[in-house]
Amino acid sequence: MTTIEVTVLADEDQDFVINILNALAQKHIIEFDRTNSFPAEGPILTHDELNERILKSEQSKHYSFEEAKAKLGL
């Protein structure tokens, strides 16, 4: 058995790829699990731009776990 990770490059092709995988699974050719993921890509940043974003985030307001739960009504 071989394990393969597939990344769908274009959002508009996601349903197409899932349909193909489902068809192969129904024929017992493959098994697949759809993981919940999100694109981790963003704009390409220079080193200085990245440092600026990190500093800005470090200087922003922080909440404790309990404060965040209360704000979200959890």
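The values are calculated or read from the model by the stated rules, or taken from the named source; none is laboratory data. Note that the coordinates shown come from a computational prediction; the quantities given were computed from them, not determined experimentally. Note that each Cβ is placed from the backbone with ideal geometry, even for glycine, and that neighbours are counted across all protein chains shown.
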Practice problem: Filter the stretch 58-74 down to residues that are surrounded by fewer than 11 Cβ atoms within 10 Å (Cβ to Cβ) and of a type in the set (A, V, I, L, M), then give me how many there are. | Solution: 2
Quiz item: Considering only the stretch 28-57, how many residues are more than 23 Å from the chain's Cα centre (by Cα), charged (D, E, K, R) and either modelled with pLDDT under 90 or surrounded by 10 or more Cβ atoms within 10 Å (Cβ to Cβ) (or both)?
Solution: 1
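Looking at the stretch 19-74, which of its residues are touching a Phe, Trp or Tyr at 6+ places or on another chain (Cβ under 7 Å) and more than 30 Å from VAL6 (Cα to Cα)? Break it down stepwise before answering.
Initially, the stretch 19-74 is screened for residues touching a Phe, Trp or Tyr at 6+ places or on another chain (Cβ under 7 Å), giving 21, 25, 71.
If the condition is that a residue be touching a Phe, Trp or Tyr at 6+ places or on another chain (Cβ under 7 Å) and more than 30 Å from VAL6 (Cα to Cα), then LYS71 is the only one that fits.
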